[in-house]
Structure formats: structure tokens, C-alpha cells
Amino acid sequence: MANTKSAAKRSRQSLTRAHQNSSVRARLRTLQKRVRSTAKPDAEQIRSLISALDKAAKRGIIHRNAADRRKARLNALIASGGRK
């Protein structure tokens with residue numbers, strides 16, 4: 001339990017932000033599963049996933065290097081011509 005008003009506010013803020021961040025992470029997982037499960041993902045799906053990864057990294061939801069790693073694996077998957 002928070003002892004001060006500012007600590008209570010900070011607690012409320014962190015809960016709200018954690019909820020928002022978890023929904024973004026869930027959306028990223030969903031987009032990745034869609035791209036990986038498709039034998040031949042279309043360019044629009046790939047573009048939206050890369051954009052979502054960049055936005056999440058920019059906002060600090062996922063680490064910048066993690067976003068770069070996921071994009072590299074996605075590009076390697078595309079270059080190999082399908083599933084790994």
C-alpha cells in the first residue's frame with residue numbers, strides 16, 4: 001500500500017501502463033503468428049508487423065535490439081522462401 005499521494009498516483013500509472021504494454025505485446029505475438037503460420041505471407045502483413053515492432057521499440061515496450069532481432073529473423077524467413 002502506498003504511503004503518500006504521489007506514491008499512490010505512481011502505482012496507478014504503472015498499472016495502467018503495464019496493461020497497455022501487455023496489449024501491445026499480445027498484438028505483436030498475434031501478428032508474428034499470422035506471418036509465420038502462412039506459407040507465403042503477403043507484403044502487407046510483413047509491413048504491418050515491421051511497423052508494429054518499430055513502434056513498440058520506439059515507445060520502449062520491447063527493447064530496440066529485440067525488435068531488430070525479430071525483424072532480422074522475419075527477413076531471413078522471407079528470404080528462405082517460407083517456413084523454417
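The values are calculated or read from the model by the stated rules, or taken from the named source; none is laboratory data. Just so it is clear, the structure is predicted and the values come from calculations on it, not from any experiment. Cβ sites come from the backbone with ideal geometry, for glycine too, and all protein chains shown count toward neighbours. We work out accessible area using only protein heavy atoms, side chains counted, and drop any ligands, DNA or RNA first. Shrake-Rupley method; radii C 1.70, N 1.55, O 1.52, S 1.80 Å.
Within the chain, the selection of entire DSSP H helices by a Cα span of 18 Å or greater along the long axis and an average Kyte-Doolittle value of at least -0.5 returns 43-58. Element breakdown for the chain at a 1.4 angstrom probe: carbon and sulfur atoms account for 51% of the accessible area.
For the stretch 54-75, the residues whose backbone nitrogen is under 15 Å from a point 7 Å from the Cα of Gln20, taken along Cα to Cβ, are 55-62.
Per residue, the accessible area of the stretch 1-76 comes to 75 Å², computed with a 1.4 Å probe over protein heavy atoms only. Residue order by solvent-accessible surface for His19, His63 is His19, His63, largest first, with ligands and nucleic acids left out and a 1.4 Å probe. Computed over the chain, the convex hull of the alpha-carbon atoms projects to a mean area of 6.5 nm². Helical runs (DSSP H, four residues minimum) scored at -39500 (n - 2.57) apiece and divided by the length of the chain put the mean residue ellipticity at 222 nm at -27500 deg cm²/dmol. Of the residues Ala8, Ala76, Gln20, the one whose Cα sits farthest toward the positive end of the charge dipole of the chain, with +1 on the Cβ of Lys and Arg and -1 on the Cβ of Asp and Glu, is Ala8.
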